[in-house]
Amino acid sequence: MAEENNNDAFIDTDKLIFGIGQVQQITGVSGRQLRYWEEQGYIHSLSQKKGAAREYSMHTLFFIFHVSRFLEQGFTLQAAVDKAKQLDQQLPVLRQFLKSQLQGVSSDADKSLIDFGYLDESHTKRVYGVIEDGKTAFKIEEVHDE
């Protein structure tokens with residue numbers, strides 16, 4: 001399972017732009033809500049020409065999705081925005097960790113394994129994330145030279 005994996009992005013997400021209608025469709029947030037959130041400074045559309053429809057970056061789309069999810073969980077709008085901002089600050093750290101550690105993913109009918117590579121510099125144990133029956137866990141396996 002220890003295969004070479006190039007985790008460099010193959011899609012420039014900065015160039016993925018969504019119109020307000022697409023954002024509404026993807027997130028379930030109404031155009032009226034989006035405009036209100038923009039008026040309040042919670043989100044920002046891309047610079048727009050007068051009379052042109054609002055457009056949003058992929059980053060903003062994800063932020064909108066998270067705010068909406070927190071609202072559905074019963075948080076106030078301000079609390080949902082604050083939680084989404086907190087998550088937004090954590091994502092680069094998670095992305096960096098996964099980019100450097102992720103060695104591969106394999107799945108079969110019963111479970112999926114995420115190979116996080118060696119436990120330490122001794123290279124005697126590997127760390128795996130396991131997803132089985134909707135539950136997640138870690139497992140550490142001894143590496144046997146073959």
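Taking Thr76, is it exposed (fewer than 12 other Cβ atoms within 10 Å of the Cβ) and over 22 Å from Ile43 (Cα atoms)?
For Thr76, the condition - exposed (fewer than 12 other Cβ atoms within 10 Å of the Cβ) and over 22 Å from Ile43 (Cα atoms) - is not met.
Mind listing whichever residues of the stretch 85-117 are in a strand (DSSP E or B) and either surrounded by fewer than 12 Cβ atoms within 10 Å (Cβ to Cβ) or touching a His at 6+ places or on another chain (Cβ under 7 Å) (or both)?
Once the filter is applied, which keeps residues that are in a strand (DSSP E or B) and either surrounded by fewer than 12 Cβ atoms within 10 Å (Cβ to Cβ) or touching a His at 6+ places or on another chain (Cβ under 7 Å) (or both), the stretch 85-117 yields only Ser107.
Do we have any residue at all in the stretch 62-85 that's at pLDDT below 95 and either under 29 Å from Glu132 (Cβ atoms) or not assigned by TED's automatic domain parsing to the domain that holds Arg126 (or both)?
The answer is yes; a qualifying residue exists.
Which ones in the stretch 22-39 are in a loop (DSSP other than H, G, I, E, B) and in contact (Cβ under 8 Å) with a residue 12 or more places away in the chain?
Hits for the stretch 22-39 are Gly28, Val29.
Looking at Ile64, Ile43 in this structure, which one is part of a loop (DSSP other than H, G, I, E, B), of a type in the set (Val, Ile, Thr) and more than 30 Å from Ile140 (Cα to Cα)?
Exactly one residue qualifies, and that residue is Ile43.
Filter the stretch 49-69 for residues that are of a type in the set (Lys, Arg) and without any contact (Cβ under 8 Å) to a residue 24 or more places away in the chain; which is farthest from Arg35 (Cα to Cα)?
Among residues in the stretch 49-69 that are of a type in the set (Lys, Arg) and without any contact (Cβ under 8 Å) to a residue 24 or more places away in the chain, the one farthest from Arg35 (Cα to Cα) is Arg69.
Being polar (S, T, N, Q) and assigned to a helix (DSSP H, G or I) is the requirement here; does Gln48 meet it?
No.
Might you check whether a residue that is surrounded by 12 or more Cβ atoms within 10 Å (Cβ to Cβ), in the same structural domain as Ile20 (by TED's automatic domain parsing) and modelled with pLDDT of 95 or more occurs anywhere in the stretch 121-137?
Taking every residue of the stretch 121-137 in turn, none turns out to be surrounded by 12 or more Cβ atoms within 10 Å (Cβ to Cβ), in the same structural domain as Ile20 (by TED's automatic domain parsing) and modelled with pLDDT of 95 or more.
The values are calculated or read from the model by the stated rules, or taken from the named source; none is laboratory data. Values in this document were obtained by computation on a predicted structure and should not be read as measured data. Counting neighbours? That spans all protein chains shown, and the Cβs are built from the backbone with ideal geometry, glycine included.
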